[in-house]
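The values are calculated or read from the model by the stated rules, or taken from the named source; none is laboratory data. Since the model is a prediction, treat every value here as computed from it, not as a measurement. Note that we place each Cβ from the backbone using ideal geometry, even for glycine, and neighbour counts take in every protein chain shown.
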Amino acid sequence: MPRQKMRVLIVDALGAGRGERKATVDVIGAGPRAVAGVLESRGVSVDLATAKQVLSLDKPLSGYDALLVSGMVSDVPAVSSVSKLWRKVSDGPLIVGGPLAADFHQLRRRVSYEVAVVGEGEQTLEELVSSGLFGGEAEAEELSKIRGIAYSIEGKHAFTGLRPVMPPEMFRRYKPSPRVVSKYPLYRACRVYVEVVRGCSNYLRTKIELPDGRKCIDCLRCIEGDLEERYYCPAGIPPGCGYCSVPSLFGPSRSKPTDLVVEEVEGLVEEGVCRVVLSASDFLDYGRDWLVAPKPLTNPREPPANLEAIEDLLSSLAGINRVSSGRAVVMVENLKPGLVTEEVARVLGKYLRNTPVHIGCETASRELCEAIGRPSTPEEAVRAVKLLRKHGLRPYLYFIHGLPGETVENLVETARFVRSLAAAGVEKVTVYRFTPLPMSAFGDFPKAPPAHQRAGARELVEAAKEVNKLSKKELLGREIEVVLAKEKRGFWIAYPLRHGPVVYVKEVSQASSGDRALVRVTRVVSDRAVEAKLAHKV
Ligand code: SF4
């Protein structure tokens, strides 16, 4: 009898926290689709569910040969709960991936995984399929030969070491699966992320002494060195902004070929996706690596943005039928302010008009920026905001409280700075609490206390709320196009097609999730949500 296809369930626990996402509920990340693509190409039958579906028992776990769970560091409780349910119904392998896998040592205390995939997963997954792991046949000896995993099997635990970063030409070999996007509830209303750049070009390092005594010795390699020299630090400081693990885990920026991105977006919009976000730690790194190849892009500021590559990508995406007809919208995720020039803002404005763009600023203190390894200054962030606003984009800014090296004065200064941002044209300010990430330079610092427990941090969070409420008030009386997501207590929860606050829409009859509507904003509910009346269905 022919052997039946292996059946694998991917559980997306990204952002699930204790089991249910509380923020950015309309986001679908790129990672689980990339995993599905690799497995499908190896003849594995792939299904997908969210952690919430699994934990609410909407998605039974029986009938699968293996379970893959993807999550962030903050999602350990949800992943742990999913793993316990899995163990009740199966002795098949549990594989964990995503940012939480980098802390595989701690993770083992809460999650009884067989394999944790650390860093880039595509090649590793292929080798895991070949090892027989998914059929429960892999032996520790076999697994010990696969780079990029921590395994716990036959009573043996080991980490096989990080895999060297994947050369960009390998991107052609791995195509994410657009098909599985339809497994997400409400996917027609969600922002679906498409990876266009992997890794990060910031190889500067923090100047703050790390808890284990490692400290910059001012060799200047990461500041003035050649692109290859910047890769290694003689003091062993992990690259990038101190709080971030992207360069350690994923290496320098590498762009996906334009035709692959276009193919993926076409596949997604054919599935019914109408909000696409091009994901990158800096969208302006797109094609910059091609200018320095074969050297690694480890300089966050030189060469300048590759406008030809960016325009080629954005114009190709704008030419997709459902995008040119307005049925789907393309947005970008993050920009680093140091690369924003008038010309860059003009090109972005030409294709991304009226969409948001996220800019990391983190603190208003120039000294702290330098100390944590930021590649740009607060002044550059304000300049970028003004340029992007001038060319029709809607800037959102990020800040962090509780960073190592931060003082109360820094926080007070940042709160003042945030209040001034509304005049510069910022639409939204988000303040994160510093959380140590494994494999980042600040991985061994303590997590910051909640903002309400600390002077300065409270003011900063309040200042952000003020700015956010102010911009919501500007929406009053305006018509915006939304995508209806789900009905709840007489309202429809909807998301602006071009992103924005959650919209509670009244007086909608006979609608389905994914329907589009034009609504008129009638009330500001909070710094994150507005209420609106239906103007007409689109
Ligand atoms: S490479 Fe390391 S030691 Fe040299 S300047 Fe950068 S952080 Fe300091």
message: Just to check your reading of the model, which residue among E114, E169, E137, E154 is out of contact with any Asp or Glu (no Cβ under 8 Å at 6 or more places or on another chain), more than 30 Å from E271 (Cβ to Cβ) and modelled with pLDDT under 90?
response: E137
query: If you go through the stretch 465-482 one residue at a time, do you hit one that is part of a helix (DSSP H, G or I), hydroxyl-bearing (S, T, Y) and out of contact with any Pro (no Cβ under 7 Å at 6 or more places or on another chain)?
result: yes
- prompt: So R173 fits all but one of (1) within 14 Å of the ligand (Cβ to nearest atom); (2) surrounded by fewer than 17 Cβ atoms within 10 Å (Cβ to Cβ); (3) basic (K, R); what number is the exception?
  reply: (1)
- prompt: Assuming R327 fulfils every condition listed in (1) part of a loop (DSSP other than H, G, I, E, B); (2) modelled with pLDDT of 95 or more apart from one, which condition is it?
  reply: (2)
- prompt: Taking the stretch 491-538 as the search range and keeping residues that are assigned to a loop (DSSP other than H, G, I, E, B) and among the charged types (D, E, K, R), which one is modelled with the lowest pLDDT?
  reply: E507
statement: How many residues of the stretch 224-238 are aliphatic (A, V, I, L, M) and either exposed (fewer than 13 other Cβ atoms within 10 Å of the Cβ) or more than 9 Å from the ligand (Cβ to nearest atom) (or both)? The answer is 1
Failed criterion for D312 (all others in (1) buried (at least 19 other Cβ atoms within 10 Å of the Cβ); (2) assigned to a helix (DSSP H, G or I) hold): (1)
- request: Please go through the stretch 205-223 and pick out each residue that is within 6 Å of the ligand (Cβ to nearest atom), over 28 Å from the mean Cα position of the chain (by Cα) and either in a loop (DSSP other than H, G, I, E, B) or in contact (Cβ under 8 Å) with a residue 40 or more places away in the chain (or both).
  value: C216, I217, D218, C219, L220
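Matching residues to (1) in contact with a Leu (Cβ under 9 Å, 6 or more places away or on another chain); (2) farther than 24 Å from K386 by Cβ; (3) of a type in the set (A, V, I, L, M); (4) assigned by TED's automatic domain parsing to the domain that holds V357:
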| residue | (1), (2), (3), (4) |
| --- | --- |
| V426 | yes, no, yes, yes |
| V429 | yes, no, yes, yes |
| T435 | no, yes, no, yes |
| F442 | yes, yes, no, yes |
| P450 | no, yes, no, yes |
| K465 | no, no, no, yes |
| I480 | yes, no, yes, no |
field: Segments classed as helices (runs of 4 or more DSSP H), wholly inside the stretch 338-417, with at least 3 members that are touching a residue at least 60 places away in the same chain (Cβ under 8 Å) and closer than 24 Å to I223 by Cβ
entry: 366-372
message: Yes or no: the stretch 190-198 includes at least one residue that is of a type in the set (D, E, K, R), part of a loop (DSSP other than H, G, I, E, B) and either within 16 Å of the ligand (Cβ to nearest atom) or buried (at least 20 other Cβ atoms within 10 Å of the Cβ) (or both).
response: no
- line: Of the conditions (1) crowded, with 19+ Cβ neighbours inside 10 Å; (2) under 16 Å from the mean Cα position of the chain (by Cα); (3) on the phi < 0 side of the Ramachandran plot, the single one that V8 does not satisfy is (2)
message: Go through the stretch 431-462 and report how many residues are within 30 Å of N354 (Cβ to Cβ) and without any contact (Cβ under 8 Å) to a residue 60 or more places away in the chain.
response: 3
- prompt: Are any of the residues in the stretch 323-341 surrounded by fewer than 18 Cβ atoms within 10 Å (Cβ to Cβ) and either at positive phi or assigned by TED's automatic domain parsing to the domain that holds G119 (or both)?
  reply: yes
- prompt: Within the stretch 142-189, can you find the residues that are closer than 21 Å to M439 by Cα, assigned to a loop (DSSP other than H, G, I, E, B) and among the aliphatic types (A, V, I, L, M)?
  reply: I146, L162, V165, M166
task: Tell me, please, whether a residue that is within 20 Å of G443 (Cβ to Cβ) and within 12 Å of the ligand (Cβ to nearest atom) can be found in the stretch 240-253.
output: yes
message: Given the options L268, L249, name the one that is at pLDDT 95 or above, in the same structural domain as L297 (by TED's automatic domain parsing) and at negative phi.
response: L268
message: I need the strands (runs of 3 or more DSSP E) fully contained in the stretch 44-113, keeping only those with at least 3 residues that are touching a helix residue (DSSP H, G or I) at 6+ places or on another chain (Cβ under 7 Å) and under 19 Å from Y184 (Cβ atoms).
response: 45-50, 66-70
